[in-house]
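Shown next, in structure tokens, is the structure this report addresses.
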Amino acid sequence: MTPATVPGDSPRSAGPVGAAHDAGTDDEPRTADLSTDACTADEAVTALYTAEYASLVRLATLLIGDSGTAEEVVQDCFVALHQRWARLQHHGAGAAYLRRSVVNRCRSVQRHRSVVDRFLRRAQPQTMPSAESAAIDADRHADVLAAVRALPTRQREALVLRYYLDLSEAQTAEVMGISHGAVKSHTARALAALRRVLESTQ
């Protein structure tokens with residue numbers, strides 16, 4: 001005997017589509033899995049932007065000392081990552097690529113600034129600093145961040161990557177493109193320099 005049905009009702013499919021619909025998977029939000037190569041560039045870069053942007057801006061700010069320029073550097077790095085996403089050997093390495101890109105672009109900014117500064121020093125007459133500016137400079141040098149920014153580029157990079165981003169020596173070496181031994185050397189020299197500056201201001 002055929003079971004009665006209510007007019008307008010239709011039996012649900014017992015196949016995979018019907019089962020998926022019953023489980024509600026169609027309504028669940030999808031997130032990019034960066035451990036695989038299946039996600040699109042838009043999905044992956046959006047996920048990385050959410051997870052890494054603030055940390056990368058702080059990294060760039062510590063390296064170049066200007067939050068506005070730091071934001072521009074990081075945004076350019078995300079644009080570059082999106083453009084070359086399909087060429088990455090492993091999509092799970094996106095965060096490491098961004099860190100290397102930020103460090104390299106910060107180096108470029110610093111090289112450009114050094115050229116501009118040398119030109120301005122030659123173009124402007126030498127003047128004695130005022131007492132007020134000397135006092136401001138003294139206060140800045142007493143600040144830890146100012147001491148970090150005064151370090152040579154490689155020492156500053158090693159220090160920030162190791163102790164601010166908490167990267168291992170191997171990860172720091174990969175980001176900076178140098179050996180583990182060089183990372184140890186730059187870090188030790190940076191810590192010694194900071195110690196001397198901070199002790200002299202006490």
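The values are calculated or read from the model by the stated rules, or taken from the named source; none is laboratory data. Since this is a predicted model, take the numbers as computed values, not measurements. Cβ: placed from backbone, ideal geometry, glycine included. Neighbour counts: every protein chain shown.
I'd like the residue in region 159-169 that is more than 14 Å from the chain's Cα centre (by Cα) and assigned to a helix (DSSP H, G or I) and, out of all such residues, is surrounded by the fewest Cβ atoms within 10 Å (Cβ to Cβ). Ranking the qualifying residues of region 159-169, first place goes to 163.
Exactly one residue out of 172, 187 is within 12 Å of residue 103 (Cβ to Cβ), of a type in the set (S, T, N, Q) and part of a helix (DSSP H, G or I), and it is 172.
Taking residues in region 80-107 that are closer than 16 Å to residue 173 by Cβ and in contact (Cβ under 8 Å) with a residue 12 or more places away in the chain, and partners anywhere that are of a type outside the set (Lys, Arg) and in a loop (DSSP other than H, G, I, E, B), the pairs with Cβ atoms closer than 7 Å and at least 6 places apart or on different chains are 97/88.
Looking at this structure, is residue 101 among the hydroxyl-bearing types (Ser, Thr, Tyr), under 16 Å from the mean Cα position of the chain (by Cα), at pLDDT 70 or above and under 24 Å from residue 69 (Cα atoms)? Yes.
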